1. Any chance you could look up the accessible area of Val462 with a 1.4 Å probe, heavy atoms only, rounded to 10 Å²?
2. In what sequence, largest accessible area first, do Met78, Met92, Met148 appear using a 1.4 Å probe?
3. Averaged per residue, what accessible surface does region 315-466 expose to a 1.4 Å probe, in Å²?
4. With a 1.4 Å probe and all protein chains left in place, how much of the accessible area of region 41-183 comes from carbon and sulfur atoms, in whole percent?
5. With r as the distance between the Cβ atoms of Cys342 and Tyr386 and R0 = 35 Å, compute the FRET efficiency 1/(1 + (r/R0)^6) and round to 0.05.
6. Can you find, among Thr298, Val335, Leu325, the residue sitting farthest towards the positive end of the charge dipole of region 297-400, where Lys and Arg contribute +1 and Asp and Glu -1 at Cβ?
7. On the full set of protein chains, 1.4 Å probe, figure out the accessible area of Glu491 and give it in Å² to the nearest 10.
8. If you plug each phi of region 226-240 into the Karplus form 6.51 cos²θ - 1.76 cosθ + 1.60 with θ = phi - 60°, what whole-Hz ³J(HN,Hα) values come out, in order, with x for Gly and Pro?
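The values are calculated or read from the model by the stated rules, or taken from the named source; none is laboratory data. No experiment lies behind these values; they were computed from the predicted model shown. Here the Cβ positions follow ideal geometry from the backbone for every residue, glycine too, while neighbour counts run over all protein chains shown. The area values use the complete protein model at the heavy-atom level, side chains included, leaving out ligands, DNA and RNA. Shrake-Rupley method; radii C 1.70, N 1.55, O 1.52, S 1.80 Å.
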Amino acid sequence: MATQQEDHRSETIVHNNNSYKMKLQNISWKQSTWIKHLIGDPYVSDDPQQLSMRHKQIIIFIVALSGISGPLASMIYMPGLLSVAQDLNTSMEAVNGTVSAYVVFMGIAPLFWAVLSDYYGRKRMYLLSIIIGIFASIICAISNNIAMLVVFRAIQAAGSCASQTLGAGVIADTFPVAQRGRAYGIFYTGPLVGPVIGPTVGGFLCQYLGWQSTFYFTAILGGVLLILVAAFLPETLRKKRAKDNDNNNNLNNSSSHAIKEMITVFGPMLSMLQDPSVLVITIYSTVIFACLYFLNPTITDTFQSLYGYNEWQVGLCYLAFGIGLMIGSVVAGQVSDLVLQCLRKKAPGQKVIPEMRLRAAIPSFFLIPAGYLIYAWTTEYAVGVYAPIIGLFIYAFGQMSAFTPATVYLVDSQPGRSATAVGVNNCSRSVVAAIMAIFSTEALHTLGTGILFSILAAINVVNIIFIILCMIYGQRWREAYASKVKARNHEHQDEQHQKETSQRNSANGTSHNHDEEERRLNETEHALARIGSRHSGIL
């Protein structure tokens, strides 16, 4: 009887242990599933393009909202530049260094985020970039010297500007080609809205809560985005696992590939500048962008010194500039398409080439200089504030009338290399604009608004030559460069073929020499054996 009770107890203990193990396994499985949902898993087998339309609308909303963060963080800070200089006991030139740091990393960082997202997934890079942006924003807010602010302003840009590249990738993963146009249209409203609302919101925050509050605002926005991305944005990248299911090997392989890709990411960009059409358009865009950063950081200084405006009033003045950018971007895109349609109707049999699209930039030939001149002399003589605001709007509209056709031209004229061409353009203009921003305030105080912006107007008139040259000679340049690249590739293939042939011959020669050596060694051994046998017979 006692033995039976002991056996029953043993069975009960074993059963309880098994139940406990099953519960632990279920908990572990649930935790694993929850973590995968939280950080994303690019190795799942479902197709993101098969998601419901409602789910896709949520995705568009999240990526469009995240697209606001970069431009917003750039512009929300502008109305408080003078307050920063006063609080940190530094010069305006040093404060403009914080603008320069942001602009540089705004142009360069998205290239690295794009490469990393192709290996580790969109969602993980979203989460990482948002976290970097949040911490950098908080440290910017508590900065007690200008050097600290410059450094973390650059890190803030690296985190905040990732969303524009990552969002484009998410849409490409989620929507088929036929539906991407509308999706991209909604997505790009985010980067356009940022410059409109940024200075206005920043002006009120600087006026009533101090310039530090602008960074706390961007950190709070980042926190909201972090929750939305973690909870509602699925991983849209799809990758196949390696045949060996060793996760560590997969991670190491992905890491090595990503590092190699980042190391070589600038190689094609530098070689792209050998194409005269890309080089000329890059110079054209860089000149416009560099001139912009003589204007953008000095608007606060100008309106506060001339009109006695406080931060929130200066923020409202930026509003006209942002609206001009937004309307100009939309209208320029439509005009660019309309130009091609009209050319097709006039010459139905004529081949449409990308250079034809550049004709849509012609309005900018007049609008950019006109905007500069209106702003220059109305501020020089302190005309009513409405006049320079009109000048800002005209300039902003003209700027987008130039940028949009130029960017679309790079996409159309470089099939298969459009991302590299646009990357070259963005990096070049960001670096040069950052340098110009450092000297903007000093140039303003030395020359005055009238002379400074009249010079910029003249520079932009001369800059028209570059785009006209591309209209006339662009096709010839592209074809000549394509022929050169093709010949270079053929030479490389011939060299590679000769190298492979040489390696095969060398391998065959080595094998033959090895056989010959082995034959001689055997003959020597046999000769020694014969000599040895003779010696043994003598002995």
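1. 90
2. Details: Met78 0, Met92 25, Met148 55 Å².
Heavy-atom accessible area, descending, gives Met148, Met92, Met78.
3. Details: 6450 Å² over 152 residues.
I get 42 Å² per residue for this part.
4. Values: 3320 of 5200 Å².
Ligands and nucleic acids excluded, carbon and sulfur give 64 percent.
5. Working: r = 36 Å, r/R0 = 1.02.
For R0 = 35 Å, the calculated efficiency reads 0.45.
6. Value computed over the given set: Val335.
7. Solvent-accessible area, nearest 10 Å²: 110 Å².
8. 4, 5, 4, 5, 5, 8, 10, 8, x, 6, 9, 6, 10, 10, 9
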